[in-house]
Structures are given as C-alpha cells and as structure tokens.
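What follows is a single structure, written as structure tokens, with notes after it.
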Amino acid sequence: MSLESLLSVSIDFDTSHTVFPTITAVVLGILLVAILATRGRTILATVGSLPWWPAKIDHMRFFGTLVGTVLYFIAMPWVGDFYPNTGLGFYICSIPYLFAMSVLYLHQRDKRHLMIAGLNAVIAPSVVWYLLSELFNISLP
Amino acid sequence: MTGFFKTLATAAGFAAMVASPIIANAAELPSNVRLVIGSKSTGGDTYQNSAIVAEALSKKLDINVKVDAVGVSEAFKALDRDSRGTTLMMFHDGAYMGNLYGVRGYDNIFEKYNVGATVSINPGNAYLVAKDSPFRSMEDVFAAAAAGQRIRVAIQAGGVSEIGLSAMKNAAKIMYPGAEENIVAVNTGSQADKNQLLFDRQADVINGSVQANEQFTQLAQDDQKAMRFIWVTAREETIKQANPEGMGNTTSEELLGYTTPNVSVTIDGKKDFTFDKEFFFIFNKDMDPAIIETIDNALAEIYAEGKIQETQKNSFFIPNFLPSTEASAYLKDKSETIRKIISSISTK
Amino acid sequence: MDFLSILTPFFFTLVASGTVIGIIFGAIPGMTATMAVAVCLPLTYSLGLENGLALLLGLYVGGISGGLVPAILLNIPGTPSSIATTFDGYPMTQKGEGERALRIAVISSFIGGIISLAALYFFAPALADFAIKFSYVEKFLIIFFALTVMAALSSNMLVGIFSGVLGIFLSLIGAYDISRGGNGELRLVPEFLEYYLESGFSLLPVLIGIFGLATILIEAEDGMKDGKDLSSIKIGKGKRFDFSVFKGQFVNLIRSSGIGTFVGILPGVGGSAASILAYSQQKNFSKNPERFGKGEPSGIMASESANNGLTGGALVPLLSLGIPGDSTTAILIGAFTLQGIQVGPLFIGNNPVTWDAMIIAMLAANIVMLLVMIFAIRYIAKVVMIPKNILFPIILMMCVVGAYTINYGVMFDVWTLLIFGLFGYFAHKIGLEIAPFIIGFILGPSAEIYFVKSIESFGTLSIFFTKSWIAVLLWVLIGLSVWFSITIARKKKKDLVQNGQ
C-alpha cells in the first residue's frame, strides 16, 4: 500500500457531521488516559484526602447567588410574557434581584449601605432598560 | 443632565404601561410586535426586506415593530410560543424548502402555521462560472454533462441555493437521461466560500446573486476572480420590473439575457424552470385571523401609496404584495412544483 | 461629489460620537462592537452613505477598543477579541497597575489601528488577491496554528491541551451548521435537550459565563470579602505609566498589528484568533516567557495591537471582494446595500470619494479613541474601587443583557451563561485551564468546517502538506510554535527544580 492510498479518506456529506466530533472524542480520550497515567496517583491521592464537603465555603453567599440567579432567570421570561416585547420582564425582575444580591454580598447591613444598595438596584436597571430597550430598540426579556 | 429627566419621564410612562398590559382590541395588532426572521444576519436580504416592511407597518399602524434576526430554528420556536400576535415571522422560500429537501428541523409550514402575505422578491438568485471557463452558457453545461464530464456546482444545502441545482439536474435528466448523475453538488456555506471554491477551481459552477457577484463579472478575463453569469433564475417579468439601470454595470436588459427564454432550464421539456425568492409572513396557527386581516389591509394601503416600492427597488428588490389568502395558495402551488422537481431527481 | 465637501464638522461629530458610544458598548461585559453597529445601522439610512459610514466605523473602532477595559480591570473580556488582554492585563490590575495597563493597551490599540489602516489604504486590492490564495486547506492550517497556541498558554501542557480539546468538543455540540456548509444534522446532543441545543452553545454567553459569572461565584464562595484584591487596590500604587515601556517593543507592535490585519483579511477565520496568535508569538519570541500571564506589558501590547489591527484588515475583503472579514463588517454590508451601493472588487475604483471618506473616518475614529480613552482612563480605572456588593450584581445583570441580546433575544443563551458559569467554577476547582479551553471553544467550529471540507474536496489527508507553498510555510510555523512551547515548558521545569533545591 502506498502512502497516498493510506492517507486517502472519503467523507460522505450525509454523515459528515460525525467526522470531527469523533476525532475530537478520540483525542480527548487519549489525553485523559495520558493524564491519568502520568498523574493518576497524585490525583487519586488528592481526591482521597479531600473532605467530602469542602470547608470554608460561605454557604449563604455562594448558594444565595446560585438560587437568586436561577429564580431571576425563571422569572424574567415569565414576567416578560405579561408585557410582550417591552423588556419589562427584565426591568421588573432586575430590581429585586440586584437589591437581593447587593444585600447578600453586604457585610455591614446598616441603613446607609442598604440605602445605597436600594438606590443602585433601582437606578442601574432603569438606565439599562431605558437606553437599550427604549432608545436602541434592543429586545430584552 | 437631560438623560436623567428623560429617565424620569420614562418612569412615569412606565407606570402607565404597567397599568394596562393586555392588548385591548383583538383585531388590532399589539402595540409592541416582534418580527423574527429566519436569518441570523442583519446584513442580508431577509433582514433588509423585513426592516423595510416593519418600518412601513410601524408607521401605518402606529405601533412598534422590531426585527430580530434570530435564525430559522429560534424564529419558529418563538412563533410556536406566541399566538397573541406579538410575535410574527418573516422569511423566504427557504422556509418550506428545508422541509422538501428533508432537512432536519423543518416542518411543513403550510400545515403547522398560517402562511401570510408576500411582500417582495429578491430577483438576484444566479449561477456563475469562472470567466475563463469553457462553459459559456447553461447549454454548454448540459452538453458537457451529457458527454460524461463531472460538473461541480457549489451551493448551500437544503434551500434556495440548492433549488437551481435541482432544476439543472431535472433538466439534464429530461434532455439527456443519465446526465443528471454528472451534475454534482459541492456543499458549502456562505457566498465567500462559494466564491473561493470558484477561485480555487474546485467548483465549475457556483450559486451566487446578482447583487453580490455582479462586480466580479466586470473583471478582466485574466483575473483569477473574474466570473460570468450563466443563469439568473428569476422570471422574465420579475426582472422587467426592476429599475432599468439594473445592478452596477449590468442593466436590466442585459440581465434578461440570462433569464428564460434566453437561457432555458426546462422543467418538463416544454416550460422553463424559474425561481423567484419571495419574502412572506408566517403566523402562528392559533393567532386571531382578525390580526392577519389587519396586516393585509395595512399592507394594501402601504402598497397603494406607492412609496415602499421605491425603497424596495432602490435596493434591487421587486415589490410583490399578495394578501394572505392569495399568497398562501400561490406559495403552496410553488412548493408543489418544487416538490415534483426534487422527487424526480431523487435517486432514492 | 467633491471629497472635501464630505468632511464637514457633522461628519467628524458622527465619527466622534460613534467612537464614544462604541467604547461604552465595548466596555460593558457582554456588549460587543457588532451589537453597537447593528443597533445603529437603521440610523444610517437617513444620514446618507458617507455620514452613515462615519458613525458606523466610529462604532466599530470604538467597540473593538472598549473591550480592553473590563478585560484589564475585571478579568472579563468585553469582546471576544480581547481575551488575550486578560492574560496580563488583570494581573497588572491586581498589582495595582490597572491604570498603567490601560494606558499601554490604549496606545497599542491605536498603533494597531493605524498600521492596519495603512495596510488597508495602500494594499487593499493586493492583499485581497493574496487572501484568496487561502482555500479550506490553508485556512484549516491557520486555525491549527492558532490552536497550537494552547500548548504555550498552559501551565501544565497535558492538562492544557486536554482543556483545549474539551473546548473544541463542547463547541461542536448542536447542529452541523448549514449556513457554514454543514448538513444540519445534530450531534453530541442528548434527546431531551434537542429543543434547546439546536444551535449549540453560543460563544459570548460561554465567555461571559466562564469569565464573569464564574469569577463572581468564586468570590461568593469566599464570602465577598471587601479588602481583597479589587477594592484594596490603590490606583497607581504599582509602577506608573511611562513611555519607556514601549522601548524595544517595535517588532512586537509591528508583528502583532500585522497578525491582526492579516487574520482580519481572511474571511471566516475569526477575529479572536488574531489577538491569541499575536500574544503567543510574542511569548514565544520573548526572552522572558515565564513573565507572561503574570502582568507582562508586552503581552498586552501584542493582544491589543492585534485586535485593533483587525479593524483595517476586516475591511479589506469587504471592500475588495464584497465579503465581510468578521461579524461586524458583515453588518456594515447592510449599510452599503441600504444605500444601494454595491461592494465588490470594483468598489474602490467606482467610489473613490466614499473610499477616501472611509479612510478619513477610520483615522479620525482611531485618534478620537486614543484621546478619549487616555483622558478617561483615570476615571475608568476607578471602577475597581466600587464596592463589590454594588459592582458584582451590576456585572451579573449586564452579563444577562449581553447573553440575551447577542442572538437578538434567545433565552437559552442566558441559561448558557449560568451553565458555563458553573462550568468555569468547577474547572477552577479541579484545575482545568481556562485559556486553552476558550481558545478551543472559539476555534472549534472553524477547525471542523475547514478540515472536513478540505477532505471532502480532495479526498486525501496528504493535501494538507501538498496544497501550496503557503501550506508548507504554515507547517513550518506550526512546527516552530510547538517547538517553542516545549522548550519553554522544559525551561520552566528546570527552573522549578533549581528553585526547589
């Protein structure tokens, strides 16, 4: 077999969508094996010595961010559907979200800081909504 | 700072908006309409045609119509979700061709949606060869295919770009049975890719458009980039409606030299195949028919005024208004013709 | 029309306002130059061609430049093409040299913009003729060359390459895009996600998820302690800006601007590749490659001069072939057709007035960009002094806006942001390398199309070596790039061992 025939490949258009993903998957697999082979022991040792729940996580802030963000994402299109194509879903949901996040991240929850957080939560979405949705006519949720 | 006062004013208006969210009159279009289109590009012909119509409708109905270039699959999804008339769609013949070519994800729009008014035609769909190519006409191409030469045609699969190729194969089959096997697709993407295939001589014929390729036809023959039109798929009557200046250095008169009857790609041995890329509305099946009527009436008035035609013609589009019922029947017919061509050349 | 009669004060006002609006769009994470041009396109109809172009070109130059601000100050690339700016820009901010980094970046941007503009003006037709020598095969090799950069950017080569290939893999999820030449079939999509993953994950939400949301999650886990990095930084605490930093950088600036311009010229290769390529070349040729990634000014210069080099480059195929060089110029085509002007090989000859006006507009936009940004830097740099509890929620909101608007209103893009925010967070935990991952993700789809199409056309792998002298040259470059990466990695290991002793 000549080199040329060894290198020749034909790709059928109808199945061409699988060619590159297959190649990539194989390379990925080889690399994974290589990593495990060269550093598997170190990785295992590290994993083994880890506590099952990492310490020192600020649970409230971390999970608060996640839960808040998920709620925000769910609420936006839902609210937006009541006022179609106005961007109000974004506007109405961003205010409480911003306020909640600002307060969540705050360490000294005194009156002054809460005021600033509240003002910011109202002003920032207003400006963004006005500029993008009203002035530039960009679609928001 | 005036921006601040504007924001204040908006806030007041905002309170009013919140108070009355739901659309008052069913026959009226909602005050904020989103026109999604089947293209992701805001520089392309679908966007331009949609923007022209959206602006005219906005003015006529005193509402806000916003064009969003979300692309085919997202556009259909958005349309599926909304039967209130707040989301409308505009696209071209590609909307049903995907289904005819069996492309995954394309439903039969005549069943799943209501097909609405047509608004315009892009008459520019064309096929080109390199200027130094031995093929100087479609006849040469057919003859070469009949003589057993492999003709590679660069297209984008499953849509408007492919239909001309299907028609060529169909014509070859009628004139020289068996020759259709020698006309083969080179599946590629954008116009840039198609041009590049011609520059590399990796394709013998490419799909292109009068708008995008005309300047290449004006180059000297020894230029690697020089091209020649061999077929413009539009109907003769369509090109006749274009401004006489045509496009660039090619007048409408000259363009007629590349359409039927001067170039013949037969459909059944008697009639020539023609294809106009038409833009039309697609509506959610459950949307209030009164809204369709409102749009039809508004468009009828807009076209009666005659200003939109000028705008369209200036961008080399041909005005082509048909109210929804007529348009739907007409397009259904058109799709049947195309279905026949596709099934006649299908080897399966 | 007479050329001089076009250059009215109004013309320059439009250029300037376009540039400023563009900078603002670029500077907001998630908003891009493309978006700025898209939203202002309808305005140009009433402005007329030259004035309309003045505005749009200002937006283009401003938008590309604005991306450096969040890249340097917040570690979030404002636009995909400023990714490489984060590599050294953010470490400088952490060292208290944010303002200095911004100045270096702005001046490099300006130089890149001017060099590419000169290339555009003097060589556009010749460059376009050269660009069409690049077929699928050569374009694949360029992408492959850019991918070899992954090795140079990784701290552990094996893990880095793994991360990069993972990026490629994830970028292939969804339909094999018909509009790029695919067959429209889905792959790598579980059945229950088919509805959402039709078009896969969009680049921009992925990018701001990994850089924006993930960073905020990491900070949140840490308790959002004020007094750590950001707000503790006294502006100018570190070294102050001095022009001497540009000493000895002549070659770097020319090379990087050249890479930017050239990548811009090649349609379909993608602008993000430019700054990454320029960055890695600078690293490879540097005497102190180990300083890169830790706040090395020349890294910023390479990245920024390359991404502004794109601006002139991407206009070359637009104006001499009628083909856009990147997503922003694709929208510019709309501005021409809206006015009934054809772009193609005859454009420059047929429309000398418009052509000159465009060059002047670009020149003016670059100058305005330089002046505005240099003046504004002092204030912009103060962004890092905003308390985290105010700044981060705003960034989160802007990321949402950016994700939602990038494809003109697709809610799944917002969820992509969250998915890749979490991905970035866990990647950080388990030590995957983000830079190579992103490069893989960006270049994956182009690599696929060009690879598969090359073989479809030629039916043999040998074509990658035999197609043309350009292909051979590219292999030499690829070889050099790999060799440099290995040498650098070896040297690093040796240094580590020595330091350990």
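General observations
- Using a Förster distance of 41 Å, the FRET efficiency for A:His59-B:Lys112 (Cβ separation, nearest 0.05): 0.30
- Part-to-part distance (alpha-carbon centres) for region C:335-359 and region B:58-74, which is given in Å: 29 Å
- Residue-wise HN-Hα couplings along region C:38-46, as the Karplus relation 6.51 cos²θ - 1.76 cosθ + 1.60 with θ = phi - 60° gives them from phi, are 5, 6, 8, 3, x, 5, 6, 4, 7 Hz; Gly and Pro carry x.
- Nonlocal amide H pairs with B:Ile183, under 5 Å, H built at 1.01 Å: B:Ile151
- Nearest-10 value in Å² for the accessible area of C:Trp475, using the 1.4 Å probe: 70 Å²
- Put a dot 7 Å past the Cα of A:Val27, heading toward its Cβ, do the same for C:Ser468, and the two dots end up 2.3 nm apart.
- Ellipticity at 222 nm from helices only: DSSP H runs of n ≥ 4 in chain C, each -39500 (n - 2.57), divided by the residue count, give -23500 deg cm²/dmol.
- The P(r) of chain C has a tail past 33 Å containing 35 percent of all C-alpha pairs.
- Range in chain B, longest, excluding exposed GluC sites (Glu not before Pro) [loop by DSSP; at most 16 other beta-carbon atoms within 10 Å]: B:29-244
- To put it simply, the accessible area of the protein assembly as shown at a 1.4 Å probe is 63 percent carbon and sulfur.
- Alpha-carbon centroid distance for the pair region B:217-238 / region B:303-348, whole angstrom: 23 Å
- For B:Lys240, the aspartates and glutamates whose Cα falls under 12 Å of its own Cα, not counting residues fewer than eight places away in the same chain, are B:Glu253, B:Glu254.
- Longest exposed-site-free window of chain A, the sites being chymotrypsin sites (Phe, Trp or Tyr not before Pro) in a DSSP loop that have at most 14 other C-beta atoms within 10 Å: A:83-141
- Over the protein assembly as shown, the pair-distance histogram of Cα-Cα distances with 20 Å bins from zero comes to 13, 46, 34, 7, 0 percent, rounded to whole numbers.
- Computed with a 1.4 Å probe over protein heavy atoms only, the accessible area of C:Ile377 comes to about 0 Å².
- Cα centroid separation - region B:127-187 against region B:240-258, whole Å: 24 Å
- Dividing the summed helix terms, -39500 (n - 2.57) for each DSSP H run of n ≥ 4, by the number of residues in chain A produces a 222 nm estimate of -22500 deg cm²/dmol to the nearest 500.
- Each label point was placed 7 Å from the Cα along the Cα-to-Cβ direction; for A:Asp110 and A:Asp12 their separation is 7.5 nm.
- Our coupling estimate for region B:220-231, obtained by passing each phi through the Karplus curve with A = 6.51, B = -1.76, C = 1.60 and θ = phi - 60°, is 5, 4, 7, 7, 4, 8, 5, 10, 9, 5, 10, 7 Hz, Gly and Pro reported as x.
- At most 12 other Cβ within 10 Å, DSSP loop - trypsin sites (Lys or Arg not before Pro), region C:236-325: C:Arg240, C:Lys247, C:Lys287
- Given C:Lys225/C:Lys382; B:Lys131/B:Lys332; B:Lys60/B:Lys334, the pairs whose alpha carbons are separated by over 28 Å: B:Lys131/B:Lys332; B:Lys60/B:Lys334
- Surface per residue (accessible, 1.4 Å probe) for the protein assembly as shown, Å²: 39 Å²
- Inter-probe distance in nm under a simple model that places probes 7 Å from Cα toward Cβ, at B:Ala220 and C:Glu185: 4.7 nm
- Karplus-derived 3J(HN,Hα) values for region B:69-75, using 6.51 cos²θ - 1.76 cosθ + 1.60 with θ = phi - 60°, are 7, 8, x, 4, 5, 5, 5 Hz; glycine and proline are entered as x.
- Cut-off under 5 Å, modelled amide H: who pairs with B:Phe91 long-range: B:Phe280, B:Ile282
- Long-range amide H partners of B:Ala154 with built H, under 5 Å: B:Val186, B:Asp204, B:Val205, B:Ile206, B:Asn207
The values are calculated or read from the model by the stated rules, or taken from the named source; none is laboratory data. The shown structure was predicted, so the numbers you read here are calculated from the model rather than taken from an experiment. Virtual Cβ from ideal backbone geometry, glycine too; neighbours counted across all protein chains shown. Accessible surface areas use protein heavy atoms only, side chains included; no ligands, DNA or RNA. Shrake-Rupley method; radii C 1.70, N 1.55, O 1.52, S 1.80 Å.
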